[in-house]
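Peer 1: I'd like to ask you about the structure that follows.
A short reminder: the numbers here are calculations on the coordinates, not readings from a lab. Computed from a predicted model, the values in this text were never measured in an experiment. A quick note on method: Cβ atoms are made from the backbone with ideal geometry, for glycine too, and the neighbour counts reach across all protein chains shown.
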Ligand code: MSP
């Protein structure tokens, strides 16, 4: 395997202090779109996923559950894996940060970074929800309360280790500015460059008496690694680095997908770690917005959540993917409501579901056989996805679907069949081919729907499907 044939996508790894919620789906669905697209373009796609299992908030949650911490995270890690599969998403590598292998590799990473690590002390604020050290400026800006978790910042005074970010700052800034490490969308790039202006060295450990559930700092049992060092390392331990020193078939990642709240870790500490290890920076950091409920970020810590299973159980996974990949902006925040979902579902049923049903019906009535087609993507579609414009790529397919509906309304093959059956048949053959082409493009977004359309319109005899793709009155 060589890097040129591989396409590596890394997804953020969720904390296990609760169950998956709708806010978690964007990482996986977006990763899946690019995985399917590059797979169909002939690349060997690598997708990393995992679970972030250490830290005080998970430890506390385990205590209140009455389970031993390891048992608690074992159960939750399984819930997250089931959740990812339930979205129709596949990964090639899954890293659990409490696994002995990850812990051992993480300590080896720490040792490799040691020329850039120094002992110090931290006096300031911390947000347990974000697992972030908070600067005085942020503290003042947010009046001492985390806007995402609605909790007061904790004051800390402790000794710990620091990573000398200053060793790498100019290189990181240059990589971001030049696009060598592309940050999307553009306004986030500007935000990060601004943040860099006064980014201090970062604390990368916590005293054991504060946080016991984590990875021990090598040669200093009194200190536990800062959970972000542990978590970010997953992108490398997934490939057994540094035990496996040559990870060039997988690294650098072509695409890292993160929510906007964690971009600063991925654009700050993470590149510093990579440069410290002598590794290349990821090519693109794709930052998606928040899914909110009643205008507030969905979050395990605040309990403001909707369970994805409730939506999938009612509407099915394909409608779910349609909502989050077509109706929701990939880069900006979107508020979820059941009413909006219902409107989107009806649109899907009326626009695509009806189209498939009526063309199949007409083909069955006029004995039109299934067609063959050229599995190629249109150039515009390729361009949108290469530029990471998932919404535009989906809009592009959606326009094709809408146009085909309009064309059929205009051409009225059912009327033509009464007087010129051969001409009507020609029209139907054309629609069948168009639908197969639409299905090929839909493979990237709605794989089960694409497969169903392909089955219907490439069968030797086209028959009316016994159940519509998207039944009404659920
Ligand atoms: N454990 C860290 C990530 C470590 S990556 C090395 C973390 N976990 S999380 O569970 O809080 O979030 C996991 C992912 O879900 C992140 O990409 C985060 O941005 C995303 N989301 C969590 N809640 C979200 C919304 N309400 N909306 C959209 N995405 C948000 O951060």
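Peer 1: Using only alpha carbons, build the gyration tensor for the range 285-327 and give me the equivalent ellipsoid semi-axes, biggest first, whole Å.
Peer 2: Gyration-tensor ellipsoid for the range 285-327: 19, 16, 9 Å.
Peer 1: Taking 0.36 nm per residue of sequence separation and subtracting the Cα-Cα distance, how much length would be gained by fully extending the chain between residue 136 and residue 414, in nm to one decimal?
Peer 2: 93.0 nm
Peer 1: Going by how many other Cβ atoms sit within 10 Å of their own, how do 233, 240, 334 line up, fewest first?
Peer 2: Going from sparsest to densest Cβ surroundings: 240, 334, 233.
Peer 1: Using the Cα gyration tensor of the range 274-430, with a ≥ b ≥ c the square roots of its eigenvalues, what is the shape: rounded (a/c below 1.5), prolate (a/b larger than b/c) or oblate (neither)?
Peer 2: oblate
Peer 1: While we're looking at this one, here's another question. Please arrange 474, 67 by counting, for each residue, the other beta carbons lying within 10 Å of its beta carbon, fewest first. Working shown, then result.
Peer 2: Numbers: 474 11, 67 15.
Listing 474, 67 from fewest to most nearby Cβ atoms yields 474, 67.
Peer 1: Right, something else. Got a sec? How would 340, 57 order by Cβ neighbour count within 10 Å, fewest to most? List each step's numbers first, then the result.
Peer 2: Numbers: 340 14, 57 21.
In order of increasing Cβ crowding within 10 Å: 340, 57.
Peer 1: Per 10 Å bin, what percent of the C-alpha pairs of the chain does each bin hold, from zero upward?
Peer 2: Over the chain, the share of Cα pairs per 10 Å bin runs 4, 19, 27, 23, 14, 8, 4, 1, 0 percent.
Peer 1: Once you sort the root eigenvalues of the Cα gyration tensor of the range 98-218 as a ≥ b ≥ c, which label holds: rounded (a/c under 1.5), prolate (a/b larger than b/c) or oblate (the other case)?
Peer 2: Oblate.
Peer 1: Please check which bits of the range 278-310 a label hung off residue 60 would reach, taking the label as a point 7 Å along Cα-to-C-beta and the cut-off as backbone N under 20 Å.
Peer 2: 297-305
Peer 1: Something else now. Residue 246 to residue 346: extension gain in nm, 0.36 nm per residue of separation minus the Cα-Cα distance?
Peer 2: Stretched fully, the residue 246-residue 346 segment lengthens by 31.0 nm.
Peer 1: Can I ask one more? Viscosity 1.002 mPa s, temperature 20 °C: give me the Stokes-Einstein translational D for the range 13-75 in µm²/s, with Rh taken as the Kirkwood radius over C-alpha pairs. Numbers along the way, then the final one.
Peer 2: Working: Rh = 13.7 Å.
Once the numbers are plugged in, D ends up at 157 µm²/s.
Peer 1: Distance in nm between label sites at residue 296 and residue 212, each 7 Å beyond Cα in the beta-carbon direction?
Peer 2: About 3.3 nm, to one decimal.
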